[in-house]
Amino acid sequence: MDKNLLHTDGDLTELLRKGSHNAFREIYDRYWPVLYMHAYRMLRDEGTAMDVIQDVFTDLWLKGESLQINLSLKAYLYMAVRYRTLDALRKSSQHDKFLSYMIDFAREGQNTTDEAISLREFTKRMEAEVAQLPPRMREIFELSRLEGKSNKSIADELDITDHTVKKTLNRVLHILRSKLTLFF
């Protein structure tokens with residue numbers, strides 16, 4: 001005789017209420033495979049499906065003595081798996097949203113931090129390179145880039161030609177580019 005036909009579901013429920021380990025084992029052996037497949041079809045994840053089934057059977061054992069089953073044992077177990085599965089899906093969805101948020105936050109934070117550090121390093125390096133320029137080149141560069149003066153106003157202020165200002169600025173930019181290629 002098949003071991004799954006030893007007792008009816010009603011008998012097993014009654015024995016489970018009395019704390020029978022054998023009744024629990026029979027329920028477990030009878031329903032674990034079909035409940036697992038039911039959970040797996042909904043979750044598409046073996047580990048989570050196994051966790052759901054384990055939780056259902058743990059609850060069944062812990063609540064066994066006070067168990068009130070209005071339907072059949074089979075229907076009760078299927079409903080328990082369904083509720084646990086939906087709960088697992090909801091948690092998974094929230095977990096996925098949280099992970100996605102944290103990944104985005106970390107990327108944004110990392111980029112912002114990296115950019116700020118890079119900008120600070122670049123600024124320091126550029127100031128150091130500008131400080132090493134010959135005095136006249138440095139003065140023309142600072143008047144143009146830091147004070148925002150036009151080539152004409154720089155030429156007038158320093159009593160040189162526009163062409164000299166333009167040529168000097170081109171040389172300064174060429175020097176700075178060659179010295180700061182690491183940042184480009």
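Coordinate-derived values only; no laboratory data. Predicted model, so just to flag it, every value in this text is computed and none were measured. Here the Cβ positions follow ideal geometry from the backbone for every residue, glycine too, while neighbour counts run over all protein chains shown.
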Estimated distance in nm for a label pair at residue 44 and residue 142, the labels positioned 7 Å out from Cα along Cα-to-Cβ: 6.5
Segment 3-99 - Debye-derived log10 I(q)/I(0), Cα point model, q = 0.15, 0.19 Å⁻¹: -0.59, -0.87
Under-17-angstrom lysine pairs by C-alpha in segment 133-183, whenever the two are 8 or more apart or on separate chains: 4
Proximal lysines to residue 91, defined as alpha-carbon separation beneath 25 angstrom and excluding residues fewer than eight positions away on the same chain: 63
Segment 133-183 pair-distance distribution - Cα-Cα, 10 Å bins, rounded %: 27, 55, 16, 2
